[in-house]
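Chemist: To start, I am sharing the structure in question, which I have written as structure tokens.
The values are calculated or read from the model by the stated rules, or taken from the named source; none is laboratory data. Source: prediction; values computed, not measured. Positions of Cβ are generated from backbone atoms using ideal geometry, with glycine treated the same way; all protein chains shown enter the neighbour counts. We work out accessible area using only protein heavy atoms, side chains counted, and drop any ligands, DNA or RNA first. Shrake-Rupley method; radii C 1.70, N 1.55, O 1.52, S 1.80 Å.
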Amino acid sequence: MNARPCTKVACHEEAVSTLTYVYADSTVVVGPLSDRVEPHGYDLCARHASSLSVPQGWQVLRRVVLGHDN
Ligand SMILES: [Zn+2]
């Protein structure tokens, strides 16, 4: 068991996505949970990953896992 919790305060759901802020491109990358903890990454549960809000002027890039194309 190496499940990690959501990093949102007061949320105790299991994280399923990792958020990474790419400051140079003003982009927030949402991808599958990373294998290792990244220094600038934030682990989020499904609910918080889908209700994500980003700073004005930023864009969200969602990386989906290939192979589940239905
Ligand atoms: Zn959460």
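Chemist: Which members of the stretch 1-39 meet the condition of being of a type in the set (V, I, T) and surrounded by 14 or more Cβ atoms within 10 Å (Cβ to Cβ)? Give the steps one after another, and end with the answer.
Modeler: So in the stretch 1-39, the residues of a type in the set (V, I, T) come out as 7, 9, 16, 18, 20, 22, 27-30, 37.
Answer for the stretch 1-39, where residues must be of a type in the set (V, I, T) and surrounded by 14 or more Cβ atoms within 10 Å (Cβ to Cβ): T7, V16, T18, T20, T27, V28, V29, V30.
Chemist: If you check V37 against the conditions, is it at pLDDT below 90, more than 16 Å from the ligand (Cβ to nearest atom) and β-branched (V, I, T)?
Modeler: On the way: at pLDDT below 90: yes; more than 16 Å from the ligand (Cβ to nearest atom): yes; β-branched (V, I, T): yes.
Against the criterion (at pLDDT below 90, more than 16 Å from the ligand (Cβ to nearest atom) and β-branched (V, I, T)), V37 qualifies.
Chemist: Which one of these is under 13 Å from R63 (Cβ atoms) and either within 9 Å of the ligand (Cβ to nearest atom) or free of Cβ contacts under 8 Å to residues at least 40 places away in the same chain (or both): S17, S26? Quick ask: steps written out before the conclusion?
Modeler: Values: S26 fails: under 13 Å from R63 (Cβ atoms).
Exactly one residue qualifies, and that residue is S17.
Chemist: Go through the residues of the stretch 55-65 one by one and say whether even a single one is away from the ligand (no atom under 16 Å from the Cβ) and among the charged types (D, E, K, R).
Modeler: Step one: filter the stretch 55-65 for residues away from the ligand (no atom under 16 Å from the Cβ), giving 55-65.
Retained after the next criterion (residues that are among the charged types (D, E, K, R)): 62-63.
Yes, the stretch 55-65 contains a residue that is away from the ligand (no atom under 16 Å from the Cβ) and among the charged types (D, E, K, R).
Chemist: Provide a single number: the residues in the stretch 40-64 that are modelled with pLDDT of 90 or more, open to solvent by 100 Å² or more (accessible area, probe 1.4 Å) and farther than 17 Å from C6 by Cβ.
Modeler: The number of residues fulfilling the criteria is 3.
Chemist: For G67, state whether it is part of a loop (DSSP other than H, G, I, E, B), modelled with pLDDT of 90 or more and open to solvent by less than 90 Å² (accessible area, probe 1.4 Å). Write out each step before concluding.
Modeler: Values: part of a loop (DSSP other than H, G, I, E, B): yes; modelled with pLDDT of 90 or more: no; open to solvent by less than 90 Å² (accessible area, probe 1.4 Å): yes.
Spelling it out, it is not the case that G67 is part of a loop (DSSP other than H, G, I, E, B), modelled with pLDDT of 90 or more and open to solvent by less than 90 Å² (accessible area, probe 1.4 Å).
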